[in-house]
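Working notes for the structure below.
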Amino acid sequence: MTAVSPRRQRVPRLLGARLASFYERAGRGGARCLGTPEREGSVSIVGAVSPPGGDFSDPVTSATLGIVQVFWGLDKKLAQRKHFPSVNWLISYSRYLRALEPHYERAHPELPALRDRARRILQEEEELAEIVQLVGKEEELAEMVQLMGKVGLGFMGFMGSGMRDMGCEIWDMGLGSGILQEEEELAEMVQLVGKASLAEGDKVTLEVAKLLKDDFLQQNGYSAYDRFCPFYKTVGMLQNLVTFYDLARAAVEGAGPEEQRVTWASIREGLGDILYRLSAMKFKDPLKDGEQRILASYAQLQEEMVAAFRNLGD
């Protein structure tokens, strides 16, 4: 061993060219199959790049993103919440959308518009989440603050008693200060715009975004119903979720006397069965139920949804 201080590994000057020469092997006609008859196949390359510290400015990461046409951004927070696949839907992208438009026009012409609507809902939900920090219901938070305040006041009383020296030792250990600091942080959260104080339309956005994330984007590859999702099932589920969003927003934003206005609470109470069936759409098994039965059930759900909102307005 030599007494040479470690240096940061140098990046090859031809890094971009070398990566490009690797990825350009992918595509149609890149493989000739063995045996007879003579056949040609295609090569798909999925590169996994793990930048140190999640730094996307890393040379390998930035060079790779400059070459590839599709990016799946894995999200550590989604993985910690057991949300799989843990692909962040806001930073991921594909540059093949225009190339795929002719196929969508032939098979599912409504899919591009539905996809864009769902993405906008998720983007709005992300902005709202930053405002309210999704700290839960104000009532539950207020109870936590009250409890923390009582514990904090009790500790301050303990500090002022004859056991002041012991209290200082505990304070130095961070036990008491941690409680009071947490209480202060929770009090600040309550003062923020809580979820209950949002506009009714924003509440609809949050709830529909939750359906999109938990019941549409999240998949269980070990289940028979969710190990793959045909296009017709994807389009049917997305159609119903976007329809519900449009109907709910129109209902809560409709004009009328204050006492007759529709709120998200009244929608959740009056359309509880519809919400349950929306979240259960993914349980349809393509192999067991078949395309016709699945599409028929989705169409029936949409009809009942429209009728339920019409009755809700009456």
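Quick note: the coordinates plus some simple rules give every number you see, no bench work behind them. Predicted, not measured: the structure shown is a model, and the values here were computed from it. Positions of Cβ are backbone-derived with ideal geometry, glycine not excepted, and every protein chain shown enters the neighbour counts.
Could you tell me which chymotrypsin sites (Phe, Trp or Tyr not before Pro) in segment 240-289 are loop residues by DSSP with no more than 13 other beta carbons within 10 angstrom of their beta carbon?
none
If packing is taken as the average count of other Cβ atoms within 10 Å, what order do 115-123, 217-225 fall into, highest mean first?
Details: 115-123: 15.3, 217-225: 12.9.
Highest mean packing first, the order is 115-123, 217-225.
For segment 197-260, what relative contact order do you get, as a whole percent, if you take Cα pairs closer than 8 Å and at least 6 residues apart? Spell out each step's value before the answer.
On the way: 22 pairs, mean separation 31.2, N = 64.
Once normalised by length, the contact order is 49 percent.
Which of the trypsin sites (Lys or Arg not before Pro) across segment 9-67 are loop residues per DSSP, with 13 or fewer other Cβ within 10 Å? Please list the in-between numbers first.
Numbers: sites: 10, 13, 18, 25, 28, 32, 39; in loops: 10, 13, 25.
Hits after loop and neighbour filter: 10, 13, 25.
Once you list every other residue whose beta carbon is under 10 Å from the beta carbon of residue 31, what net charge do they have if Lys and Arg are +1 and Asp and Glu are -1?
+3
What do you get for GluC sites (Glu not before Pro) in segment 220-268 restricted to DSSP loop and a cutoff of at most 14 other Cβ within 10 Å of the site's Cβ? Intermediate values should be presented prior to the final figure.
On the way: sites: 253, 258, 259; in loops: 253.
Here the GluC sites (Glu not before Pro) that fit, given the DSSP loop and packing criteria, are 253.
Cβ under 9 Å from residue 40's Cβ, residue 40 left aside: what net charge do those residues give with Lys, Arg +1 and Asp, Glu -1? Let's see the in-between values first.
Numbers: positive: 28, 32, 39; negative: 38.
With Lys, Arg at +1 and Asp, Glu at -1, the net is +2.
Which entries of 213/233; 210/288; 203/288; 82/288; 77/233; 76/210 have Cα-Cα distances beyond 25 Å here?
On the way: 213/233 16 Å; 210/288 27 Å; 203/288 36 Å; 82/288 27 Å; 77/233 28 Å; 76/210 18 Å.
In this structure, 210/288; 203/288; 82/288; 77/233 lie more than 25 Å apart at Cα.
Within 9 Å, Cβ to Cβ, of residue 201, how many net charges do the neighbouring residues add up to if Lys/Arg are +1 and Asp/Glu are -1? Working shown, then result.
Working: positive: 203, 249; negative: 200, 202, 253.
Taking every other residue near residue 201 into account, the sum is -1.
In Å³ and rounded to a whole number, note down the convex hull volume per residue for the Cα atoms of segment 1-125.
Details: hull volume 29.1 nm³, N = 125.
Taking the convex hull of the Cα positions in segment 1-125, it is 233 Å³ per residue.
Which shape class, rounded, prolate or oblate, goes with segment 46-94 when its Cα gyration tensor gives a ≥ b ≥ c as root eigenvalues, a/c under 1.5 marks rounded, and past that a/b bigger than b/c marks prolate?
Working: a/c = 2.44, a/b = 1.51, b/c = 1.62.
The shape class here is oblate.
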